[in-house]
Each structure stands twice: as structure tokens, then as C-alpha cells.
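Here's the structure, in C-alpha cells; my notes come after.
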Amino acid sequence: QVQLVESGGGLVQPGGSLRLSCTASRSIFTIYAMGWYRQAPGKQRELVASFTSGSITNYADSVKGRFTISRDNAKNTVYLQMNSLKPEDTAVYYCHATIQGINYWGQGTQVTVSS
């Protein structure tokens, strides 16, 4: 079992940057899959970026080249650096982890990209 706590969301202008953090209540070193999803109003939740098998990264096509996922095992934290933000990136961003086949979610953090 794990608790996931996100932080770092907010309001940013188009072209700006934000860094999201997800801190887990236990070591993330052995977690099979961990990453970020997002859900915009009226849309399904979608994968943004993730680690699988510890170090393999996956990105949605819409964020490749703009977003970077990283991890600090010593801090039990996964980060999402978001650059060149666009209005269509506006959503609630959720941290996610899969442990022994069970999915865990954080409470979500709002990211709003608007001028």
C-alpha cells in the first residue's frame, strides 16, 4: 500500500513552466510503474508520462519534447517538469503507482494554462 501526495500545480501563462512533485509514503525504488496522468473537463483520464520497470520512460505524443519525468529514490519522489505549456495542457494532474497489480492514485493537482 502507498499514499501519493502531489504538489506544484497552479496557474501559468502559455509558454511557461511548472514542476509537479509526487511524494510517496514508502520507497519507490521497487515500484514497477509510477508516473502522471491528467484529466481535463469532459475528457477521459490519460497517461502523460511514466516509468515502467524502474527506468523505462513513456510519454504521451502530445507532451514529447516539452515534459520530462524524473525520480529521486532517496526522497521517494517523482517529478514532472513541464515546459512550453499550452492551454490544452490544462487539467487535473494525478500521480499514479502500480504495486503488485494494484493501482494507487494521488488526490490530484490543478494545472491551468491561461493568459
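Distances longer than 18 Å among the Cα atoms of the chain: what percent of all pairs is that?
Values: 2906 of 6555 pairs.
Value for the chain (Cα pairs over 18 Å): 44 percent.
Of the residues G15, G42, G101, the one that moves most in a GNM of the chain with alpha-carbon contacts below 10 Å is G42.
Where a ≥ b ≥ c are the square roots of the eigenvalues of the C-alpha gyration tensor, would you call the stretch 18-65 rounded, which needs a/c under 1.5, or, failing that, prolate if a/b is larger than b/c, or oblate? Cα axes put the stretch 18-65 in the prolate bin. Rolling a 1.4 Å probe over the protein heavy atoms gives the chain an accessible area of 52 Å² per residue. Rolling a 1.4 Å probe over the protein heavy atoms of the chain, with every protein chain left in place, gives an accessible area that is 48 percent carbon and sulfur. For the set E46, E6, E88, the ranking by accessible area, highest first and with no ligand, DNA or RNA atoms included, is E88, E46, E6 under a 1.4 Å probe. For the stretch 41-85, a Kirkwood radius taken over Cα pairs fed into Stokes-Einstein (20 °C, viscosity 1.002 mPa s) yields D = 183 µm²/s.
The values are calculated or read from the model by the stated rules, or taken from the named source; none is laboratory data. All of these numbers come straight from a predicted model, not from anything done at the bench. We work out accessible area using only protein heavy atoms, side chains counted, and drop any ligands, DNA or RNA first. Shrake-Rupley method; radii C 1.70, N 1.55, O 1.52, S 1.80 Å.
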